[in-house]
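Following: one structure in structure tokens, then a few remarks.
The values are calculated or read from the model by the stated rules, or taken from the named source; none is laboratory data. This is a predicted model, so every value here is computed, not measured. Note: ideal-geometry Cβ built from the backbone for every residue, glycine included; neighbour counts use all protein chains shown. Heads up: the accessible areas ignore ligands, DNA and RNA and are worked out on the full protein's heavy atoms, side chains in. Shrake-Rupley method; radii C 1.70, N 1.55, O 1.52, S 1.80 Å.
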Amino acid sequence: FQLFNQEYEIKVRTIQGGATQPWGDWCSVFTPNVAPPEIIDGCSNTFEYLAYEYITCTDVSAISYNWRLRIGSTVVGIINTGTNQIRIADFLDGGNQPLYDYNTTYNISAQADIGGTWTAYGSACNVSTAAEPHTEVQFECGNTLNMLNQPIIFFAIYNATDYEYEVTDLTGDD
């Protein structure tokens, strides 16, 4: 079992014609000094659209990344991803219920699996969620709709049970 950033001592001996020879001198070898992934985008942010805003760590060419979300020293959730990005909305329990809440400050850090060996967790940074969840139209603002029955897409809010829409006719014709 090898670890990154370690020194190992190695010695060798031979067996010749059934006779075991004495050990040679010890030799030190050092495993690669692999720095853990550090958060490079999203620190100190207040996230309003939890399903659409990403936190990014350094790309260390890992097989996967473990993300740890905590409040103080209490772990709220650990999620494994194949990329160096995650959203607060990805932290769900086994029943797809959120492990996060609004109006909360979390700290988040990542570790990386490089060739079957995990790095340490990188430095944690604080991220917050907005006091109250809200949504807005996502793509169509300022555009002419292609047809009258074109769907209006908005940012989804986890745990919302209903959505209410308000439409105002600015031409005054209807």
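Suppose we filter segment 1-53 for residues that are open to solvent by less than 100 Å² (accessible area, probe 1.4 Å) and under 22 Å from the mean Cα position of the chain (by Cα); how many remain? Break it down stepwise before answering.
Our first condition is that a residue be open to solvent by less than 100 Å² (accessible area, probe 1.4 Å); within segment 1-53, this holds for 3-6, 8, 10-11, 14, 17-21, 24, 27-29, 31-32, 34-39, 41-43, 45-53.
Among the residues that remain, those that are also under 22 Å from the mean Cα position of the chain (by Cα) are: 4, 34-39, 41-43, 45-53.
Number satisfying all stated conditions: 19.
Restricting attention to segment 91-135, which residues are surrounded by fewer than 18 Cβ atoms within 10 Å (Cβ to Cβ), assigned to a strand (DSSP E or B), among the hydroxyl-bearing types (Ser, Thr, Tyr) and touching a strand residue (DSSP E or B) at 6+ places or on another chain (Cβ under 9 Å)?
Of everything in segment 91-135, those that are surrounded by fewer than 18 Cβ atoms within 10 Å (Cβ to Cβ), assigned to a strand (DSSP E or B), among the hydroxyl-bearing types (Ser, Thr, Tyr) and touching a strand residue (DSSP E or B) at 6+ places or on another chain (Cβ under 9 Å) turn out to be Thr105, Ser128.
Taking only segment 1-52 into account, find how many residues are of a type in the set (Gly, Ala, Ser) and farther than 26 Å from Ala112 by Cβ.
Step one: of segment 1-52, the residues of a type in the set (Gly, Ala, Ser) are 17-19, 24, 28, 35, 42, 44, 51.
From what is left, the residues that are farther than 26 Å from Ala112 by Cβ are 17-19, 24.
Of the residues in that region, 4 qualify.
Which members of segment 72-90 meet the condition of being surrounded by 14 or more Cβ atoms within 10 Å (Cβ to Cβ) and among the β-branched types (Val, Ile, Thr)? Lay out the reasoning, then the answer.
Taking segment 72-90 as the starting set, the residues that turn out to be surrounded by 14 or more Cβ atoms within 10 Å (Cβ to Cβ) are 76-77, 79, 81, 84-90.
Result: Val76, Ile79, Thr81, Ile86, Ile88.
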